1. Check the range 185-206 and report whether any residue there is more than 30 Å from N121 (Cα to Cα) and free of Cβ contacts under 8 Å to residues at least 40 places away in the same chain.
2. Could you check the range 62-111 and list, in sequence order, the residues that are within 12 Å of F150 (Cβ to Cβ), of a type in the set (S, T, Y) and in contact with a Phe, Trp or Tyr (Cβ under 7 Å, 6 or more places away or on another chain)?
3. Among F179, F150, F162, which is the only one that is closer than 30 Å to S98 by Cβ and either modelled with pLDDT under 80 or exposed (fewer than 15 other Cβ atoms within 10 Å of the Cβ) (or both)?
Amino acid sequence: MLHIRIKNIAIPFVLTGWKKKDMLTPLKISETDWKVELYILPEIIEKELPPNNQILVHGNIEIYIQKPENWLLDGLNKKSSDETMRTAKYIYEIYIESMRRAVIYARMNLNLQNIFEMNSNFHELFDNSFFSSKKVEWSLKKSTLKIFSFEIPRSNEINPLFKEDKLVSPKKWKGLQKFIDKNILPSKEVEELLRLKQKTAWNEKRIATIESAIIIEFILGKKIQKILIAQGVSQNKIKDIKKDIGMSISLNLLIPLSISKKEYAKQKSYIEKIDKLRKIRNEIIHEGLKESSIELQIVSEGIDSAIQLISFLDIKFP
């Protein structure tokens, strides 16, 4: 049994009315290859919390892998830089996935829509040149825990905030005022897609893909419904066939059939890029595609294309 501990990570819950003994009960999250136990750190509270006391907390994630593969053990023992990096990415994926599930279940079942992920980044967990390193420990067969950290090679990539095309010049500043003066705001859906596009600048691909696909499918469904009603199709008939009209049919068949040949030629590349995003979404949902296997360019271009297509459809079918 391989045991990996991620120490002192931020927990996205605000506690109230807890006692020290309550912190002995973990959240348990399981996958085929691993099991996770998420503990609130008991040492953060010296005495029992009164019912009206609230506190943001930290905790430990205990990861258990029954039959670890050789590459994972080689990586933990730092036998090669490639295996060490692969191991670190695998541990990080487990951390992100378990935190994501905890948040989603809390939002769905405890009505805690206000909580948000407070995840440490990759460097914070593993890079021994960071002040916050030494957060990850491991042991095999209940042996003494060892620290797992290493110096991560520095990338030459520029921080997304400081890339040249993202810097605001005096010219852009004045141009921004012109857009503000026009007072034309995008729809709420496009606004949300713009927010998700921002996530891709920080290499957050999985959530951006899933959430953007949900928005795109919702908007296409609304537009198709308007088109069918305009063609004389009854509301009852639309209700009957609604479940059978998925994102693929809407995007690749019904939308092209609803616009002119000239309009389709202009929108074709956007539709194709959105369809690539849709396929990535399906691989995530049905095959468990990992963050590291998702191509950033497909997600980024897919969201950009959705913004362009939706803006066109908003004008064509208001």
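1. yes
2. If the condition is that a residue be within 12 Å of F150 (Cβ to Cβ), of a type in the set (S, T, Y) and in contact with a Phe, Trp or Tyr (Cβ under 7 Å, 6 or more places away or on another chain), then T84 is the only one that fits.
3. F150 is the lone residue from the list that is closer than 30 Å to S98 by Cβ and either modelled with pLDDT under 80 or exposed (fewer than 15 other Cβ atoms within 10 Å of the Cβ) (or both).
One line per residue, one yes/no per condition, for (1) modelled with pLDDT of 85 or more; (2) in a helix (DSSP H, G or I); (3) out of contact with any Ser or Thr (no Cβ under 6 Å at 6 or more places or on another chain):
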residue: E93; (1), (2), (3): yes, yes, yes
residue: S98; (1), (2), (3): yes, yes, yes
residue: V103; (1), (2), (3): no, yes, yes
residue: M108; (1), (2), (3): no, yes, yes
residue: S120; (1), (2), (3): no, no, yes
residue: L125; (1), (2), (3): no, yes, yes
residue: F131; (1), (2), (3): no, no, yes
residue: K134; (1), (2), (3): no, no, no
residue: S139; (1), (2), (3): yes, no, yes
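The values are calculated or read from the model by the stated rules, or taken from the named source; none is laboratory data. Computed from a prediction, not measured in an experiment: that's the story for all the values here. As a convention, Cβ positions derive from the backbone with ideal geometry for all residues, glycine included, and neighbour counts pool all protein chains shown.
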